[in-house]
1. Counting only residues that are farther than 18 Å from Gln452 by Cα, give me the helices (runs of 4 or more DSSP H) lying completely in region 565-663 with at least 3 of them.
2. For region 439-455, what are the residues that are free of Cβ contacts under 8 Å to residues at least 24 places away in the same chain and not acidic (Asp, Glu)?
3. Tell me which of these Glu142 doesn't satisfy, since it passes every other one: (1) closer than 19 Å to Pro238 by Cα; (2) within 16 Å of ligand 2 (Cβ to nearest atom); (3) touching a Ser or Thr at 6+ places or on another chain (Cβ under 7 Å).
4. Return the residues of region 228-269 that are of a type in the set (Val, Ile, Thr), surrounded by fewer than 24 Cβ atoms within 10 Å (Cβ to Cβ) and within 16 Å of ligand 1 (Cβ to nearest atom); say none if nothing qualifies.
5. Does region 145-171 hold any residues that are more than 16 Å from ligand 2 (Cβ to nearest atom) and under 18 Å from the mean Cα position of the chain (by Cα), and which are they?
6. Scan region 327-339 and give yes if some residue there is touching a Phe, Trp or Tyr at 6+ places or on another chain (Cβ under 8 Å), over 22 Å from Ile124 (Cβ atoms) and modelled with pLDDT under 90, otherwise no.
7. Just to be sure I understand, how many residues within region 560-592 are surrounded by fewer than 19 Cβ atoms within 10 Å (Cβ to Cβ), aliphatic (A, V, I, L, M) and touching a helix residue (DSSP H, G or I) at 6+ places or on another chain (Cβ under 9 Å)?
8. Six or more apart or on different chains, Cβ under 6 Å: which pairs go from a residue in region 131-143 that's touching a residue at least 60 places away in the same chain (Cβ under 8 Å) to one that's within 11 Å of ligand 1 (Cβ to nearest atom)? Could you list them?
Amino acid sequence: MAGSGGKGVGQIVTGLGESGLGKALAAIAAAFLFRMFSGPGPALLPENSADDDDIDDQSDFDGGHTGNVVPVTIRWRSITCSLSDKSSKSVRFLLKNVEGEAKPGRLLAIMGPSGSGKTTLLNILAGQLTASPRLHLSGLLEVNGNPSMKKTYKFAFVRQEDLFFSQLTVRETLSLAAELQLPEITTVEARDEYVNNLLFKIGLVSCADSIVGDAKIRGISGGEKKRLSLACELIASPSVIFADEPTTGLDAFQAEKVVENLRQLAEDGHTVICSIHQPRSSVYSKFDDIVLLTEGALVYAGPARDAPLEYFSKLGYSCPDHVNPAEFLADLISIDYSSSASVDSSQKRIDGLVESFSQQSSTILYATPIAIRDVSKDSVKFERRRIVRKKGSWWRQFSLLLKRAWMQASRDGPTNKVRARMSIASAIIFGSVFWRMGRSQTSIQDRMGLLQVAAINTAMAALTKTVGVFPKERAIVDRERAKGCYALGPYLVSKLLAEIPVGAAFPLMFGAVLYPMARLHPTFSRFGKFCGIVTVESFAASAMGLTVGAMVPTTEAAMAVGPSLMTVFIVFGGYYVNAENTPIIFRWIPRISLIRWAFEGFCINEFRGLEFDHQHSYDIQTGEQALDRLSFAQSHIRDTVVAQSRILLFLYCITYRLMEKNKPKYQQIELPPSDKIQPEQQLEPFNTDQVEQYQPKESPPPDQIESNQQLESPEIDQIRPFILEGPAV
Ligand SMILES: Nc1ncnc2c1ncn2[C@@H]1O[C@H](COP(=O)(O)OP(=O)(O)OP(=O)(O)O)[C@@H](O)[C@H]1O
Ligand SMILES: [Mg+2]
């Protein structure tokens, strides 16, 4: 048995190197490594991103530096977005024949009740509507008068969730973003000046040296985070700024400051488009243009402030005095669900308003002339100057990402403290259970049990930490990569290297406490090898966490999938099922099980050279005999470490592949049927008398006006900043 077992073990131990599977893994790993290390960053970018995201012009950078912005006018017509439901064979319209225009130097607000399609419209205009086979999107999008199916201008998209590395300060966040996005700025002084200007412009000087923070460490405020998001997006000096509900989650004061920033940016020549829920009147007065949407249809699009009030008063809906115009408009275009009669009457009113606007849209919408000549002159320049954005070299990207990953890993005190405490606590618990094992026959089983739980504990600790954090980090990386900041190769290599010192500390603490307590093989070299195996296993398990995090969309899904996969590896971990007895169809699982390789390494390290007390001839006398029973007799520690390292590299390669494959894909806009493009549609004349008169609510007394203004306060639970942080503890 020993002989055949040894043969089996030999085959398995060398399995990853010599078997077909091993060769395949090694070849794939080598191919990916070659890809990761070869060539400068842009070569590694997916083809689409080069097309879609890297169409930037060098001179825009200068523009950003000096405050000049290439003016961009976006005009959209006949935008229709529908969602088909295969099961019920029904089609739901998210946007119906929407048109509008956003002009440079003006702040456009998209307003409407919840679910009216504001975010959908914003995403479509920015070309960021997540692709889905159920969606159908058609319409005409013009940029500076030219039909544009692809982005040909620089744009910034400030999303509802603010994504940051929590341990970096505001200044460091901006400085690193500038280094990654603007390799043209080569000197530290120029970069500092650029960042300082940006901090000043966005009003972040007072918190420039505070860390961004997370749920565990208090950092900057919600409004400051929103403005930091804006500042990060401004680095590439975009022509157009999209902001999805920039005020949600902020108090009225912070909300006004953010909108003031947007207004300032519009004054600097940017085209600014934001979606917004019922703003207070002081915020409303900052908008130059508004688009009013209800149930995906257009109720009004054109100049803001008094123009919509005048327009609706002509239709018989006058805004009472002392009422916030934004509240009046919101009431006007919302369905009142308080009773079936009110639903009917409000629906009728809204249908009338939609129809009315569709007849008059061309006169209202394009009422504000734009300097067509200037813009078209600029657009010619702008089209000609389309060149691929410069990126830093592979090494530059790598060193910047290494610096950032190191700052994040080393400064995350609360997470590191918890990890250290957990490592020491579990070592103390295991050490107490297996306290000072002797050399009796029964101690053989104890040793195997301890080594197995040590392998499981190490892998689980590393896996859960990584799957708890990586999906969030991936969201940041996806966004940065969509901007073409860096390639995946330098990111993954820098992540692996930056986490080595911190990641190695915890398994070492675990080993240092457990080893003497359990009185494992008492030589210093064996202790060193034990720590080495535990550290490599921890990194391989972390790599598995990265793969799981890249495979699934959310942290919750990763938390469900990661431990389930690890359970399979535990079953084939070498202790519960002997390698020789593993059914042929499952023989590949122990070969890729990190737990099994770690357990095998621990056993060889522990048992080889040990002598046990024995009384009977059938007792196990030496450690070699114990190893033989586990089918590990022919194996070497080096082989187990090499196998773990191969698994680690293989998992990194899979992560690379998954991240490339799972990057966000956006819905393509199709041309609408030609009969729908007509600016003036042939609709039945609309008789305003038929529309039920809007019953303005009575003007509230002054004390109620106060409380109405507070209604505008955001629903804080709706949106929470999304910050890279350690695992929940
Ligand atoms: N990909 C999608 N799949 C299914 N439904 C969608 C999709 N995108 C949007 N919707 C639906 O379209 C409608 C409009 O969504 P959207 O997010 O644009 O509304 P909104 O005006 O931004 O609302 P809110 O003010 O609450 O953010 C909603 O009813 C939403 O459920
Ligand atoms: Mg929205």
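The values are calculated or read from the model by the stated rules, or taken from the named source; none is laboratory data. Note that the structure is a prediction, hence the values are computed from the model and not measured. Here Cβ is always computed from backbone atoms with ideal geometry, including for glycine, and neighbour counts include all displayed protein chains.
1. 637-661
2. Of everything in region 439-455, those that are free of Cβ contacts under 8 Å to residues at least 24 places away in the same chain and not acidic (Asp, Glu) turn out to be Thr442, Gln445, Val453.
3. (2)
4. Residues of region 228-269 of a type in the set (Val, Ile, Thr): 235, 240-241, 247-248, 258-259.
Right, trim to surrounded by fewer than 24 Cβ atoms within 10 Å (Cβ to Cβ) and you get 235, 248.
Result: Thr248, single match.
5. Applying the first criterion (more than 16 Å from ligand 2 (Cβ to nearest atom)) to region 145-171 yields 145-156, 163-171.
Ala156, Leu163, Phe164, Phe165, Ser166, Gln167, Leu168 - these are the residues of region 145-171 that are more than 16 Å from ligand 2 (Cβ to nearest atom) and under 18 Å from the mean Cα position of the chain (by Cα).
6. no
7. 6
8. These pairs meet every condition: Ala131/Gln667; Leu135/Leu83; Leu135/Gln667; His136/Ser82; Leu137/Cys81; Leu137/Gln667.
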